[in-house]
Amino acid sequence: MFTGIIEAIGNISKIESNGPDSRIVFKAGRMKLDDVKIGDSMSVNGVCLSIIEKTKDSFSSDLSRETLSLTTFMEMRANSKVNLEKAMSFSSRVNGHFIAGHVDGVGVIKGMRNDGRSILILIEFPEELEKYISKKGSISVDGVSLTINGTKENTFSINIIPHTLSGSIISEYNIGTKVNIEVDLIARYLEKLVIK
């Protein structure tokens, strides 16, 4: 479980393809890895990955065919930057919202413009996610906990404040950039409860 508060920007050091799946080595940037161990979870661009190897400044994870097919990792290359967050500890504050790291779909950046000191970003999302995305609801974009400004058809808008922009890979986004989207857990489970 994660909060969506990015701890560091890392990058992909190496990708080893093994048929339909891959092993990826991530450089941890300024993130200290002293308190993580083999088997721990790490959010990488909002995807919950298990650490299978680690060094002082890097860790490796195996990505299955399923993970590759549902996320933006299929298009990433060596040196691609990534958002990193360690699994949350229940002894600390929850500053974002609960994020499982189970990506629901891939969105596409459709618009970006300055909005005061913020940047307003318009993201197109897969049509099947529409029922989970609502004005002022929570959403995870590449692992960043964000509040939805509003929705229109199959797009939603978000404002990115300077602190979030400088502390995440959002500063690298352009029109057409693909992003991992995870809808709010409460919305996802509420649907199941209401339908039953």
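Taking a straight Cα-Cα cut-off under 28 Å and skipping sequence neighbours fewer than 8 places away in the same chain, the lysines within cross-link reach of K27 are K14, K37, K54, K56, K81, K86, K178.
What does the charge add up to near V103, with Lys and Arg as +1, Asp and Glu as -1, over the other residues with Cβ less than 10 Å from its Cβ? Net local charge, V103 excluded: -3.
In whole angstrom, note down how far apart the Cα centers of the range 120-168 and the range 27-48 are. The two parts, judged by their Cα centres, are 24 Å apart.
Projecting the Cα positions of S41, I12, G29 onto the charge dipole of the range 8-86 (unit charges on Cβ atoms of Lys, Arg, Asp and Glu, taken about the Cα centre) puts G29 furthest along the positive direction.
Counted by Cβ distance under 14 Å from F73, the other residues give a net charge of 0, where Lys and Arg count +1 and Asp and Glu count -1. The charge dipole of the chain, taken about its Cα centre with unit charges on the Cβ atoms of Lys, Arg (+1), Asp and Glu (-1) only, comes to about 420 debye.
Based on Cα contacts under 8 Å between residues 6+ apart, the chain shows a relative contact order of 25 percent. For the range 79-177, the relative contact order works out to 29 percent when only alpha carbon pairs closer than 8 Å and six or more residues apart are counted. Counting every C-alpha pair in the range 110-196, the share spaced more than 21 angstrom apart comes to 28%. Compared with the direct C-alpha span, the chain from E75 to S50 gains 7.0 nm at full extension, assuming 0.36 nm per residue.
Show that you can apply the helix-only estimate: for the chain, add -39,500 (n - 2.57) for every DSSP H stretch of four or more residues, divide by all residues, and state [θ] at 222 nm to the nearest 500.
So the helix-based figure for the chain works out to -3000 deg cm²/dmol.
Looking at the range 8-86, the pairs of alpha carbons with a distance over 19 Å make up 25% of the total. Cross-link partners for K136 among the lysines, with Cα-Cα distance under 16 Å and sequence neighbours closer than 8 places in the same chain left out: K152.
Within the chain, the proportion of Cα pairs with more than 22 Å between them is 45 percent.
Read the figures in this text as sums done on the coordinates, not as results from a lab. The structure displayed is predicted, hence computed values, not measured ones. Neighbour counts run over all protein chains shown; Cβ positions are idealised from the backbone, glycine included.
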